[in-house]
Amino acid sequence: MKKTMWIAMAAAFAASIVAASAQEVLSANAVGYIKKTLPANAKLIMVSVPLNSMTETSNVFGRTSLAQEAPQGSTVYFWDTVLQQWAPGSKGSKGWAGAQSNRVVLAGEGFFLKGSNAAPSAVDVTITGEVPDSDPIVRAIPGSGAYGTLANAYPVDMKFGESDVAKNATTNSVVYFWDETNQQWAPGSKGSKGWAGAQSNRVVVAGEGFFLKEAQTVTIWTNTKPYTWP
């Protein structure tokens, strides 16, 4: 699998360098960053946090570098799987409100982020943390026709059709990828012969989220670690 990862291990670990795509993933001593860009004119991007917190057992949104580097006026949207709707919140002059600041971002969870309406140009932000060494990482899926946000829990590129979540999805399930240019969803269904090429060959880059509407009773994605470290 092509990995957008550069892990430079000290002493006991051998160096591993793999070509990066549009997103950059770097790490030294298993600590890395992923660069993301908040487009101008408050356009939405769908992101995830595939690196572990270096100070806590979970990724608390307000204390992530992504939240801290986002400019004032930015907005985050977390998906409420129970109510099946977005729960938004903005960053004010005193920072993020408690509901957003204290929100734990789960491994393999996607969410929306957009920059300030007042931003005249694009702003780069970073996702920083430790490279996950857990194997596997399990992500819950709502199932039964409900929508859920997903992402690769590991900081690597992933071809959707080769992932277990795509292989195990039942017929008539629908995946939705966010088109940043046109600011709209690009959906596709799984038929009796599998996913169409546009969905099967879609590369989900490191730190990118997407939507899945599982048609039946698949409720977990057991994601196997795609690299050999440690």
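Among the residues of region 37-49, is any farther than 23 Å from Asn117 by Cα, surrounded by fewer than 20 Cβ atoms within 10 Å (Cβ to Cβ) and not basic (Lys, Arg)? No, region 37-49 has no match at all. If you go through region 113-140 and pick out every residue that is within 23 Å of Thr222 (Cα to Cα) and either part of a loop (DSSP other than H, G, I, E, B) or out of contact with any Lys or Arg (no Cβ under 8 Å at 6 or more places or on another chain) (or both), you end up with 11. Scanning region 51-61 for residues that are under 10 Å from Val105 (Cα atoms) and surrounded by 17 or more Cβ atoms within 10 Å (Cβ to Cβ) gives Asn59, Phe61. On inspection, Gly108 does not qualify as assigned by TED's automatic domain parsing to the domain that holds Tyr176 and closer than 21 Å to Trp185 by Cα.
Consider Lys167 carefully, then state whether it is among the basic types (Lys, Arg) and touching a residue at least 24 places away in the same chain (Cβ under 8 Å). When the stated conditions are applied, Lys167 does not pass them. Condition test on Ala146, is it assigned by TED's automatic domain parsing to the domain that holds Gln184, surrounded by 19 or more Cβ atoms within 10 Å (Cβ to Cβ) and within 25 Å of Glu180 (Cα to Cα)? No.
If you go through region 85-97 and keep only what is touching a strand residue (DSSP E or B) at 6+ places or on another chain (Cβ under 9 Å) and over 15 Å from Ser65 (Cα atoms), you end up with Gln85, Trp86, Ala87, Pro88, Gly89, Ser90, Ala97.
One residue stands out in region 68-93 among those that are among the β-branched types (Val, Ile, Thr) and not in a loop (DSSP other than H, G, I, E, B): the one that is surrounded by the fewest Cβ atoms within 10 Å (Cβ to Cβ), namely Thr75. Of the strands (runs of 3 or more DSSP E) lying entirely inside region 154-230, those carrying at least 3 residues that are in contact with a Phe, Trp or Tyr (Cβ under 9 Å, 6 or more places away or on another chain) and within 13 Å of Gly108 (Cα to Cα) are 209-213. Residues in region 94-116 that are buried (at least 16 other Cβ atoms within 10 Å of the Cβ) and over 23 Å from Asn41 (Cβ atoms): Ser101, Arg103, Val105, Leu106, Ala107, Gly108, Glu109. Of the residues in region 97-107, at least one is at pLDDT below 95 and assigned to a loop (DSSP other than H, G, I, E, B). Quick check on region 132-155. Is at least one of its residues modelled with pLDDT under 95 and in contact with a Pro (Cβ under 6 Å, 6 or more places away or on another chain)? Yes, region 132-155 has at least one match. The set of residues from region 180-207 being in contact (Cβ under 8 Å) with a residue 24 or more places away in the chain and polar (S, T, N, Q) comprises Gln183, Gln199, Ser200, Asn201. Residues considered: Phe177, Phe210. Of these, the only one that is without any contact (Cβ under 8 Å) to a residue 40 or more places away in the chain, touching a helix residue (DSSP H, G or I) at 6+ places or on another chain (Cβ under 9 Å) and surrounded by 13 or more Cβ atoms within 10 Å (Cβ to Cβ) is Phe177. Within region 35-49, being outside any loop (DSSP other than H, G, I, E, B) and under 15 Å from Pro88 (Cα atoms) holds for Leu44, Ile45, Met46, Val47.
The values are calculated or read from the model by the stated rules, or taken from the named source; none is laboratory data. Remember, predicted model here, so these are calculated numbers, not experimental data. In this analysis, Cβ positions are derived from the backbone assuming ideal geometry, glycine residues included, and neighbour counts consider all displayed protein chains.
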